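The values are calculated or read from the model by the stated rules, or taken from the named source; none is laboratory data. Model, not experiment: these values are computed from the prediction. Here the Cβ is made from the backbone with ideal geometry for all residues, glycine too, and neighbour counts use every protein chain on show.
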Amino acid sequence: MAEVKTPVLETKHLGISFGGLHAVQDFNIQMNAGELVGLIGPNGAGKTTVFNLLTGVYVPTEGTVLLNGVPLNGKKTHQFVEAGIARTFQNIRLFNDMTVIENVKVACTKDMHYSLLDATFRTPKFWKAEKEVTDRAMELLEICGLADKADILSSSLPYGQQRKLEIARALATNMKVLLLDEPAAGMNPTETAELLSCINTIRDRFGVAILLIEHDMSLVMNVCERIQVIDYGLTIASGLPEEIANNPRVIAAYLGE
């Protein structure tokens, strides 16, 4: 009998209500390592609410979030990150007064194993850990095409490169699941093409599961292996890109019918 793999990310009947409003209901998804899945739906459908549930920002009123089969309900946001779920945001959230490489290194702090005394007296252990983190940050910046921008302020980057810096920072957490919330928002076609290449490289190189919220349908259809559609907090379709593109219920939801 073939071995059944445990999904890296799974939700079971996940939902949340705010007062009498059911923002998300009975949300079920399974993702394996290396899978790239799109989560789409009209404005206000509940997509970002799903991301907030998957990262501990919101506590579900029903259902479960599991990472490699381990329930995460009740954990704090930083514990979701430590477990292996990282995300980017609709609105860019960088440390604008820090350099590009510092923005990435700040996400590596859990891998920096030295004491306060080591830091105070700049011991060999301190410098060894600092070099390892710097090398790791530069590797991620190289992957995202930002290595030559390492020492400039993040606020000096063009919009598209700031988006990619957010992704590099998320990668620095050594996550198993990467949640990308509208990464192509505000990008021109050239920037979007570069982003698509970056996302594919990340998936292939690190084998992480990627869940993508995006309104750019050409990007979604080109990069996602399968797509899940929600409307008014409920899943209305799930399948291959071509199936979703021709689904009457999906078309009706986007046209407001």
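Under the condition of being in contact with a helix residue (DSSP H, G or I) (Cβ under 8 Å, 6 or more places away or on another chain), under 22 Å from GLY34 (Cβ atoms) and part of a loop (DSSP other than H, G, I, E, B), the residues counted in segment 226-257 number 0. Only one of the numbered conditions (1) under 21 Å from ALA107 (Cβ atoms); (2) without any contact (Cβ under 8 Å) to a residue 60 or more places away in the chain; (3) touching a Leu at 6+ places or on another chain (Cβ under 6 Å); (4) of a type outside the set (Val, Ile, Thr) is violated by LYS75, and that is (3). Being within 21 Å of the chain's Cα centre (by Cα), touching a residue at least 40 places away in the same chain (Cβ under 8 Å) and under 30 Å from ASP118 (Cα atoms): is that true of LEU141 here? The answer is yes for LEU141. Taking segment 224-257 as the range and being modelled with pLDDT of 90 or more and surrounded by 18 or more Cβ atoms within 10 Å (Cβ to Cβ) as the test, the residues that pass are CYS224, ILE227, GLN228, VAL229, ILE230, ASP231, GLY233, THR235, ALA237, ILE244, VAL250. Screening segment 25-34 for residues that are out of contact with any Phe, Trp or Tyr (no Cβ under 9 Å at 6 or more places or on another chain) and not in a loop (DSSP other than H, G, I, E, B) and picking the one that is surrounded by the most Cβ atoms within 10 Å (Cβ to Cβ) gives PHE27. Between GLY38, GLY56, GLY63, GLY69, the distinction of being within 14 Å of the chain's Cα centre (by Cα), farther than 23 Å from ASN247 by Cβ and touching a residue at least 12 places away in the same chain (Cβ under 8 Å) belongs to GLY56 only.
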